[in-house]
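Peer 1: One structure, as structure tokens, below. Some questions next.
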Amino acid sequence: MKHLTLLLTLLTASSGITQTIKTVPVQDTLTMDGPTLFNEYCAVCHGKDGRGAGPAAAALKKTPADLTQLARKNNGKFDQLAVKTVIEGKEVTAAHGSRDMPTWGTVFASLNRDEGRRNARIALLVEQIGKMQAK
């Protein structure tokens, strides 16, 4: 089974305590609904509210995106295709350096060979993120 590194070692400067966050196996979700998928795969970095302050955010090189502001940053329109492309991992741009976010298309494909289920997960995540947009 594929593993996904959720966090690296995080050194807390003020206390001098080192926290090690381990690599955990990616689990298949029992249900296929947007909120469950988001909580299982996205909230650790983006936070349950999608604002980019999940428990793993502090250990990442780049602050996770505030997913609630995607439409606002795109002239009020939520770009489903752009979000889908990021989730799938097709948006990697060399000029932006390495990608901290997992390429979920590959990760979901590793859970089973059902392409329909992989595509459904991605579509449900896109829909869920669309519902999280700030008014």
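The values are calculated or read from the model by the stated rules, or taken from the named source; none is laboratory data. Note that the structure is predicted; figures quoted are calculated from it, not measured. Here the Cβ positions follow ideal geometry from the backbone for every residue, glycine too, while neighbour counts run over all protein chains shown.
Peer 1: Can you tell me which residue is modelled with the lowest pLDDT among those in segment 86-102 that are in a helix (DSSP H, G or I) and within 19 Å of Gly52 (Cβ to Cβ)?
Peer 2: To start, the set of residues in segment 86-102 that are in a helix (DSSP H, G or I) comprises 86-88, 94-96.
Still in the running and within 19 Å of Gly52 (Cβ to Cβ): 86-87, 96.
Working: Val86: 90, Ile87: 90, His96: 45.
Going through the qualifying residues, I end up with His96.
Peer 1: For Lys62, state whether it is modelled with pLDDT of 95 or more, surrounded by fewer than 18 Cβ atoms within 10 Å (Cβ to Cβ) and not polar (S, T, N, Q).
Peer 2: no
Peer 1: Something else about it: Going by the conditions given, is Thr63 part of a helix (DSSP H, G or I) and more than 10 Å from the chain's Cα centre (by Cα)?
Peer 2: no
Peer 1: What is the number of the single condition among (1) at pLDDT below 80; (2) surrounded by 12 or more Cβ atoms within 10 Å (Cβ to Cβ) that Gly47 does not meet?
Peer 2: Status for Gly47: all satisfied but (1).
Peer 1: Go through (1) crowded, with 18+ Cβ neighbours inside 10 Å; (2) of a type in the set (A, V, I, L, M); (3) more than 20 Å from Lys135 (Cα to Cα) and name the single condition Ala120 misses.
Peer 2: Of (1) crowded, with 18+ Cβ neighbours inside 10 Å; (2) of a type in the set (A, V, I, L, M); (3) more than 20 Å from Lys135 (Cα to Cα), only one is false for Ala120: (1).
Peer 1: What tally of residues in segment 103-121 results from selecting those that are free of Cβ contacts under 8 Å to residues at least 12 places away in the same chain and either in a helix (DSSP H, G or I) or touching a Cys at 6+ places or on another chain (Cβ under 7 Å) (or both)?
Peer 2: Of the residues in segment 103-121, the ones free of Cβ contacts under 8 Å to residues at least 12 places away in the same chain are 109, 113-116, 119.
Those left that are additionally either in a helix (DSSP H, G or I) or touching a Cys at 6+ places or on another chain (Cβ under 7 Å) (or both): 109, 115-116, 119.
Residues that pass the stated criteria total 4.
Peer 1: Looking at (1) assigned to a helix (DSSP H, G or I); (2) within 16 Å of the chain's Cα centre (by Cα); (3) not aliphatic (A, V, I, L, M), can you tell me which one Lys73 breaks?
Peer 2: Looking at each condition in turn, Lys73 falls short on (2).
Peer 1: Oh, and also: So which residues in segment 27-68 are in contact with an Asp or Glu (Cβ under 9 Å, 6 or more places away or on another chain) and β-branched (Val, Ile, Thr), if there are any at all?
Peer 2: Thr29, Thr68
Peer 1: Are there any pairs, at least 6 apart or on different chains, whose C-beta atoms fall under 9 Å, with the first in segment 24-35 and at negative phi and the second in a strand (DSSP E or B) and of a type in the set (A, V, I, L, M), and if so, which?
Peer 2: Taking only residues 6 or more apart or on different chains, the pairs are Val24/Leu4; Pro25/Leu4; Val26/Leu4.
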